[in-house]
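Have a look at the structure below, then the notes.
The values are calculated or read from the model by the stated rules, or taken from the named source; none is laboratory data. Source: prediction; values computed, not measured. Heads up, the Cβs are rebuilt from the backbone with ideal geometry, glycines too, and the neighbour counts pull from every protein chain shown. Ligands, DNA and RNA are excluded from the accessible area calculation, which covers all protein heavy atoms including side chains. Shrake-Rupley method; radii C 1.70, N 1.55, O 1.52, S 1.80 Å.
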Amino acid sequence: MDKPAIPNSFRTGPDEQGMFGIFGGRFVAETLMPLILDLERHWNEVKDDPDFKAELTDLSTHYAGRPSKLYFAEGLTRHLREVSSAKGLGGGAKVYFKREDLNHTGSHKINNCLGQILLAKRMGKKRIIAETGAGQHGVASATVAARFGFPCVVYMGATDVARQSPNVFRMKLLGAEVRPVTAGHGTLKDAMNEALRDWVTNVEDTYYLIGTAAGPHPYPELVRDFQSVIGTEARAQILEQEGRLPDTIIACVGGGSNAIGLFHPFLDDKDVRIIGIEAGGRGLDGIEHCASMNAGAPGVLHGNRTYLLQDADGQIMDGHSISAGLDYPGVGPEHSWLRDTGRVEYVPILDDEALEAFKLTTRVEGIIPALESAHAIAHAVKIVPAMDKDQIVIVNLSGRGDKDVHTVANMLGMEI
Ligand SMILES: *Cc1c(COP(=O)(O)O)cnc(C)c1O
């Protein structure tokens with residue numbers, strides 16, 4: 001495929017139809033169109049409204065704990081400098097972590113959920129629905145619903161309900177109703193279809209809270225804008241702490257919300273290299289991975305056109321990753337466009353590599369990272385030793401790893 005033309009700015013999309021080049025849009029049933037248009041109208045109203053911004057900033061500060069710190073990862077930097085010396089390279093860039101793991105509920109997901117629940121309130125909606133795979137977005141949605149006193153229904157594939165019982169329990173404690181979906185394979189894709197179905201049938205009072213920078217327009221845009229607080233803060237913080245922009249920024253990509261949140265404010269900084277990390281699972285030669293941009297093809301899912309994991313007949317496949325949060329079978333449309341324009345590189349990291357980075361970070365930093373975030377760290381571990389000592393890398397630490405200790409114990413053949 002020919003590369004799309006390089007625009008003057010990578011930060012102006014999507015267009016009026018919700019397209020990022022050939023990606024995005026709103027591929028939804030006609031009955032959903034009035035809902036989507038109503039959402040878009042309200043979004044356009046609030047996005048530059050100072051009162052809305054003030055309310056969101058207040059909650060972000062006092063409820064979620066923003067701004068999150070930009071932390072110089074001295075232990076990891078020292079370790080990678082030793083690796084560099086041992087290889088006779090004598091380099092090793094400075095590594096910084098953007099600490100989204102320190103947010104309330106333990107990841108970046110709260111940024112988006114707070115933004116959207118305020119939007120729901122503005123729209124006069126009375127009931128929240130969400131879909132979740134690993135359960136992290138379900139927990140974040142149930143959290144903000146509890147905070148605002150909205151009833152909340154979370155659709156979750158029956159297979160995932162069985163696999164993610166601690167998160168199911170958390171959602172119930174928070175007052176949400178978890179509805180297991182048995183259609184298909186009983187995973188995230190099936191839960192997404194069920195949530196869309198609920199939305200059409202409960203037009204009047206229901207708000208659909210999407211958890212990543214995907215779905216029909218305007219969701220990819222509004223989720224990106226709510227998550228861009230990550231990159232906006234990181235950019236200001238690195239200028240303050242180092243007096244200059246970073247050389248490289250790295251984030252993991254499931255649906256792509258933490259990544260686009262970090263990347264977007266840097267997209268027009270031409271000298272900043274931007275790398276998104278996909279779940280390489282057990283390798284891209286088989287089907288046990290979730291690398292939709294490295295091993296998928298464009299198609300339509302969840303109301304937008306984007307890179308997807310599909311089989312020879314165009315059926316959407318379930319992804320695999322050691323980190324449940326990365327196994328979204330597609331990716332947000334803006335990433336597909338950034339991939340094709342060449343502005344952002346997308347690279348797979350294997351389960352084993354993520355696990356090694358998880359153990360390393362825990363030992364040299366005293367920080368247990370989420371397995372998702374460990375994918376991004378694993379790529380830094382690969383490239384930092386060959387970089388110069390005066391270079392700077394920022395890794396988005398999208399979440400904390402307490403939720404992953406059972407998976408890790410399992411992988412290590414240990415019992416808790
Ligand atoms: C959900 C999750 C992700 C993946 O979602 P994105 O939308 O790609 O950011 C990454 N890290 C953590 C900690 C998560 O909970």
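Table for the structure above
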{"quantity": "All positions within region 278-302 that are small (Gly, Ala, Ser) and surrounded by fewer than 24 Cβ atoms within 10 Å (Cβ to Cβ)", "calculated": "GLY283, GLY286, ALA295, GLY296, ALA297, GLY299"}
{"quantity": "Test for VAL384: is it on the phi < 0 side of the Ramachandran plot, under 21 Å from the mean Cα position of the chain (by Cα) and of a type in the set (Val, Ile, Thr)", "calculated": "no"}
{"quantity": "Neighbours by Cβ (under 6 Å, 6+ apart or cross-chain): first from region 330-358, in contact (Cβ under 8 Å) with a residue 24 or more places away in the chain; second of a type in the set (S, T, N, Q) and in a helix (DSSP H, G or I)", "calculated": "GLY330/SER292; VAL331/SER292; PRO348/ASN294"}
{"quantity": "The one condition in (1) touching a Gly at 6+ places or on another chain (Cβ under 6 Å); (2) in a loop (DSSP other than H, G, I, E, B) that ASP390 fails to fulfil", "calculated": "(1)"}
{"quantity": "Residues located in region 332-367, provided they are touching a Leu at 6+ places or on another chain (Cβ under 8 Å) and either within 16 Å of the ligand (Cβ to nearest atom) or assigned to a helix (DSSP H, G or I) (or both)", "calculated": "LEU338, VAL344, PRO348, ALA354, LEU355, PHE358, LEU360, THR361, VAL364, GLU365, ILE367"}
{"quantity": "GLN227 vs. criteria more than 16 Å from the ligand (Cβ to nearest atom) and farther than 18 Å from GLY25 by Cα", "calculated": "no"}
{"quantity": "Subset of region 311-331 [in a loop (DSSP other than H, G, I, E, B), within 13 Å of the ligand (Cβ to nearest atom) and open to solvent by 10 Å² or more (accessible area, probe 1.4 Å)]", "calculated": "GLY319, SER321, ILE322, ASP327, TYR328"}
{"quantity": "Only listed residue being touching a Cys at 6+ places or on another chain (Cβ under 7 Å) and hydrophobic (A, V, I, L, M, F, W, C), chosen from ALA213, ALA279, ALA183, ALA236", "calculated": "ALA279"}
{"quantity": "Candidate set: region 225-238, residues that are open to solvent by less than 10 Å² (accessible area, probe 1.4 Å) and touching a Ser or Thr at 6+ places or on another chain (Cβ under 8 Å); chosen: the one nearest to LYS189 (Cα to Cα)", "calculated": "GLN227"}
{"quantity": "Single match in LEU173, LEU119 (criterion: over 15 Å from the mean Cα position of the chain (by Cα) and closer than 24 Å to ARG41 by Cβ)", "calculated": "LEU119"}
